[in-house]
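Participant: What follows is a single structure, and I will ask about it in a moment.
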Amino acid sequence: MAAAEPGQVVATENVCNDPDFVCLLTTDDAPTRIRVALLTAEKARAARFWADISAHRLVGERAVLVDQLLISLWAHFELSQEGHIALVAVGGYGRKELHPGSDIDLMILLTEVPGAHQSEKIQQFLTFLWDVGLEPGYSVRTVADCVKEATRDITVATSLMESRLLTGPAGLFHEMRHCTGRNAIWDSAAFFSAKSEEQVARHHKFHNTAYNLEPNIKEGPGGLRDIQMIGWVVKRHFYADSYSELLSRGFLTEPEYDDLVAGQNFLWRIRFALHLVAGRREDRLLFDYQRELATRLGYRDSPERLAVEQFMQDYFRTVRELRCLNEVLLALFREFFLHGSEDAEVIPINKRFQVRNGLLEVVDEAVFRRRPLALLEMFLVLQSHPGMKGVHPETIRLVRDHCHLIDGSFRDDPKAHSLFLRIVRQKRGVAHGFRRMHRYGVLSAYLPVFARIVGQMQYDLFHAYTVDDHTLGVVRNLREFSQAHRHLEFPHCLEVFKRIRHPELLYLAGLLHDIAKGRGGHHAQLGAVEARHFCEHHGLADEDVDLVSWLVRHHLLMSMTAQKQDIGDPDVVRRFSTEMGSRSRLDHLYLLTVADIRATNPDLWNGWKETLLKDLYEAAAANLECGSQVYVKPAELAASTRRRARELLLQKGCDEAAIETLWQDFGNDYFLRTVPEDIVWQTRAILKNDEVEPRLVKLRQIRGGTEVFVYTRDRDYLFAATTAIFNALELNVLVANIYTTPTGMSVNTYIVLEAASGAPVSDAHRKARIRGRLRPALARPQEMANAEMRMPQRRHRHFLIPTAVYFPPEEELSATRMEVVSADRPGLLSRIGRVLVENRIHLKTARIATLGERAEDYFLLVDEVGGPLGEVAQAELREHLVAELDTPR
């Protein structure tokens, strides 16, 4: 069956054996019978949809069915006998577009305010609709009311423009349409301007991207509303219900028309299915429905990619094309309305380009055929003339139509390489230029490996954007590090960026760092090969090729080291510094890492991550400065830290004898793992505490987080109880450092953030509550280890991650490192803590890395006598952890 045009509904016949509402209205239990009849018809339409009947056909059938019911009811309640009242369909119902959960929007149109008798009949009519389950949205207005509301509110004017008379006097309806038409209010130019502003505001609500984890298929950029936006302008100005009017007037080409029809068909199919799966009106592609929709719509898992990822990639690619088409058409409309009758101001740029009314355009339609390299040159011209407002829509159309000229010989042309590198080396417009190249199809044509990641999503909560959108976000972030006006936001990054001699290498690494995602295998290693090939192909110097390839291969190294290892451990810093090899590579990797994290998820970057990365950077820089092979014996390092902490304490007036008495119970391990400033804070707090059995809880703000210091008698379940309380108080634990003295005192520190905001704890009352909840737990930890648990978030319930426990081989044999990968959920740390106690294993440190729905937590463990775990103990611990964490609670 041929696809319907956007704005047109396929003509339907009574294939569902629609009920005879006139007969049903004569029965005693009419509301019940009609409700059942409607549900039966809905089920039949659903079955036909899953049998591959077009959504266009089915939405039209539902509108026809509702028409029949409303007209029958109107007569039943004798409203058709009223000569001055009409029943009008508005909104989507006015367009005859009723998806399974769509609203039934009505307007009751009158010549004057209804009297008591009319009002009673109208109320009976509306009540009956609710009784049969239609739940209409409605308004009761006179023509004057319509004019007043439509003049005040562009959305009302739009709804009335799409209205359709169901029953009642045609003259009254046509009067309303005339009085609210373009010749009375909202002329074409004003209407276009208002609707354009409305679209900008709507897109802003979705952060101006269609690439959201749970996109809105109706309101989001590139969604159905963007298609409707085009239709509204056509209807208002040309009085047309068909997009063929745009074809005849040259606003739309045949391929663009086909893309528009195909795009709406695809989105309508998804929306129809989404309403059926959700059982109600729902326009958000929530995680709750994505997997089932993918399966019901025919997608299947492949060895490389999940069915849901394939489905969402098709969705994202479709809305990307629709958004670009919307952009071109609205730009053409803008030119038509604003400059249609004016003499254009044309400023020549060169033999190929000129500026018309502030927009860059080609001098004639054959430019790209004569000189295909102009497809790249255009972006360089834009960068060189920052005063331009953009690209003329006709030129955008020509670019898209000529992308096929960017073929193998084009990509091998040294002149093309030179143009591309000049674009990357410009001091302005690099990130914006890449985004424009992407929208117009040039970037995928010039870099075919980039085309493979367009619209590619990862079905998780960690990556908020598709791979292509994330990649361009990384380049944007890197560019911002060079801009002086961003100093307050990125002070350290701006300082590091000043040492970058060739920023274009950093931008290329950002562009290519995820280029091999979705292929299977390690994307960083595969991407490094692609990066080397690209750089060599473009004639970069050997050392520059090596740097870009190295950055792509290691772009996760700094993030993983900072978040998963103890960067206070000199051995960790020394190994990381050795991997860097030079200060230049460290500078480049630091900037790439910050840009990458900030472009992954808007909720991912926080002050704590900023602190971790900066601390690792500074420690590695110092190590590289003095030589990364310098080795200090642990005993010497502990003694040095102890001396420095004592000096600071004495400066603050602390009693030296009291300090030494306390520290007699603290071994070298404590001084190896704690910096002097923290030792000073903790020691002063302990010395001031006069409890016989201390239950000391202190909080302080550190860079990017809140540190909670606990000093008390060591007891079983202490870690489990403490983390359970944090969970109950809606705090996320980032780091736990656990130290037990030889005489059995726990000296523990935790770094926490507010779960809701990701911010440090700042409110004094909140801090008091934390202390108040923790102190009783320190005395009765086993009792408190099962404190009430928060419910998991809705999104997390849709990701099943089997628990995996790893024990990586370590050179250091004094303790055992354990990695636990499991589904993130409230109370996870507390449950792990209970298992450790039950297996007679002691915790030294914990580092918590939450990647969306996935927890990757790292623990340093010792056995009862303070040594590393043997193979048998490791196997038993793994078995018990998997059983505990994979058992539903």
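Participant: Of V22, V430, which has the most accessible area with a 1.4 Å probe, and how do the rest follow in descending order? The partial results should precede the final answer.
Facilitator: Numbers: V22 90, V430 0 Å².
Largest to smallest exposure gives the sequence V22, V430.
Participant: Cα axis of helix 188-205 to longest principal axis of the chain: angle in degrees, 0 to 90, nearest 10?
Facilitator: Once rounded, the angle reads 30 degrees.
Participant: Same structure, new question: Treating the angle as unsigned and between 0 and 90°, give the value, to the nearest 10°, between the Cα long axis of helix 414-425 and the longest Cα principal axis of the chain.
Facilitator: 70
Participant: Sticking with this structure for a sec: What accessible area per residue, rounded to a whole number of Å², is obtained for the chain using a probe radius of 1.4 Å?
Facilitator: Details: 38640 Å² over 889 residues.
Per residue, the chain has 43 Å² of solvent-accessible surface.
Participant: Right, something else. Explain nothing, just the number: dipole magnitude of the chain about its Cα centre with +1 on each Lys and Arg Cβ and -1 on each Asp and Glu Cβ, in debye rounded to the nearest 20. Please report the intermediate quantities before stating the final value.
Facilitator: Numbers: 110 positive and 120 negative charges, 280 e Å.
Dipole of the chain, to the nearest 20 debye: 1340 debye.
Participant: Once the Cα atoms of helix 30-50 and of the chain are each reduced to a long axis, what angle between those two axes, in degrees from 0 to 90 to the nearest 10, is obtained?
Facilitator: Once rounded, one gets 70 degrees.
Participant: Then there is this: If you keep only loop residues by DSSP, which chymotrypsin sites (Phe, Trp or Tyr not before Pro) in region 631-715 have at most 15 other Cβ atoms within 10 Å of their Cβ?
Facilitator: Working: sites: Y631, W663, F666, Y670, F671, W681, F709, Y711; in loops: Y631, F666.
For chymotrypsin sites (Phe, Trp or Tyr not before Pro) across region 631-715 that sit outside H, G, I, E and B with at most 15 neighbouring Cβ atoms in 10 Å, the list reads Y631.
Participant: Ignoring ligands, DNA and RNA, what percent of the 1.4 Å accessible area of the chain is carbon and sulfur? Please list the in-between numbers first.
Facilitator: Values: 19360 of 38640 Å².
About 50 percent, which is the carbon plus sulfur part of the accessible surface.
Participant: Can you sort T850, T674 by solvent-accessible area, 1.4 Å probe, largest first?
Facilitator: Details: T850 55, T674 25 Å².
Correct descending sequence by accessible area is T850, T674.
Participant: Follow-up question, since we're still on this one. Between region 392-406 and region 170-187, what's the alpha-carbon centroid distance in Å?
Facilitator: After rounding, the separation between the Cα centres reads 40 Å.
Participant: Over the chain, what is the relative contact order in whole percent, taking alpha-carbon pairs under 8 Å and six or more residues apart? It would help to have the intermediate numbers written out before the result.
Facilitator: On the way: 1316 pairs, mean separation 59.5, N = 889.
Relative contact order for the chain comes out at 7 percent.
Participant: Ranked by accessible surface with a 1.4 Å probe, highest first, in what order do V319, V865 come? Could the numbers behind the result be given before it?
Facilitator: Details: V319 0, V865 135 Å².
These residues rank, largest area first, as V865, V319.
Participant: Does region 20-62 come out rounded, prolate or oblate, given a ≥ b ≥ c as the square roots of the eigenvalues of its C-alpha gyration tensor, rounded meaning a/c under 1.5 and, failing that, prolate meaning a/b above b/c? Mind dumping the intermediate values first?
Facilitator: Working: a/c = 4.53, a/b = 2.60, b/c = 1.74.
Prolate, because a/c is 1.5 or more and a/b exceeds b/c.
Participant: In what sequence, highest mean first, do 510-516, 411-417 appear when ranked by Cβ atoms within 10 angstrom? Provide the component values of the computation, followed by the final result.
Facilitator: Details: 510-516: 25.7, 411-417: 13.9.
In descending order of packing, they fall as 510-516, 411-417.
The values are calculated or read from the model by the stated rules, or taken from the named source; none is laboratory data. Quick caveat, the model's predicted, so the values are computed rather than measured. Reconstructed Cβ throughout: ideal geometry from the backbone, glycine too, with neighbour counts over all protein chains shown. All accessible areas refer to the heavy atoms of the entire protein, side chains included, with ligands and DNA or RNA removed. Shrake-Rupley method; radii C 1.70, N 1.55, O 1.52, S 1.80 Å.
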